[in-house]
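One structure below.
What follows is calculated from the coordinates using simple rules that are stated; it is not laboratory data. Predicted, not measured: the structure shown is a model, and the values here were computed from it. Counting neighbours? That spans all protein chains shown, and the Cβs are built from the backbone with ideal geometry, glycine included.
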Ligand SMILES: *Cc1c(COP(=O)(O)O)cnc(C)c1O
């Protein structure tokens, strides 16, 4: 079991390194976030034993339970799921990163609730890059307006943008939406925001995401197997 996790971790790291080389990205330019939603704490512990330290979770209570079970390990927790206003405190108090901020009101609550004893909460704005009616995320046109306001909040550090593009059949079909997120990020940087994180790419599109400038890929299935 532990060897399975180590094998899958090495296979995903190899994919990331190969894509960095193929698309002239500096070695180590892309971080791996292991998406552990639905997975038991034992699976996270096995992945940690294989060398993975950053984990992404989608549900606050599930994540807090696993953090408590794994408190002895030095892990970095990222929240990547939809955020309900009444769940912001658990995120502000227990996570290092949030990738799924899509309303100013949520950002304001997270900043107000971030404990002074912790460093600022690292934040990405989630963008509904394909403008899908059923998906969370800011409309691409709304991003620049909200980004400056989020960057100004005292207990948050705006790091960049995140998106979950609509599924696309293959590498070349995956690239355009990912390129649009990169361009949006470049526009924010040109406007003066100091952003360093482009959170895009999952199990099926991480090569296309790295080709388009991802600095962090969020991988679940390719590491842990299919979710039940
Ligand atoms: C579940 C999830 C992932 C991982 O998706 P896989 O296809 O299993 O790699 C990445 N990002 C977010 C926001 C997710 O909810």
Under a point spin-label approximation (7 Å from Cα along Cα-to-Cβ), what is the residue 132-residue 179 distance to one decimal in nm?
2.1 nm
Residues residue 191 and residue 14, FRET efficiency given R0 of 30 Å [Cβ-Cβ distance, rounded to 0.05]
0.25
How high is the FRET efficiency between residue 69 and residue 23 when r is their beta carbon distance and R₀ equals 41 Å, given to the nearest 0.05?
0.60
What helix-only [θ] at 222 nm does the chain give? Using -39500 (n - 2.57) per DSSP H run of at least 4, over all residues, to the nearest 500, the answer is -12500 deg cm²/dmol
Mean Cβ neighbour count within 10 Å, used as a protection proxy, ranking 168-181, 100-113 highest first:
100-113, 168-181
Treat each spin label as a single point 7 Å out from the Cα along the C-beta direction, and report the residue 4 to residue 62 distance in nm.
1.8 nm
Protection proxy ranking, peptides 7-15, 142-150, 50-58, average beta carbon neighbours within 10 Å, highest first
50-58, 142-150, 7-15
Counting only DSSP beta bridges fully inside the chain, the antiparallel percentage to nearest 5 is 0 percent
Between residue 85 and residue 144, what length in nm is gained on full extension when 0.36 nm per residue of separation is reduced by their alpha carbon distance?
19.0 nm
Using the Kirkwood radius over C-alpha pairs as Rh, can you work out the diffusion coefficient of the chain via Stokes-Einstein at 4 °C, viscosity 1.567 mPa s, in µm² per second?
73 µm²/s
So how do 67, 162, 200, 47 line up by other beta-carbon neighbours within 10 Å, fewest first?
67, 47, 162, 200
From the Cα centre of region 89-122 to that of region 140-155, the distance in Å is 14 Å
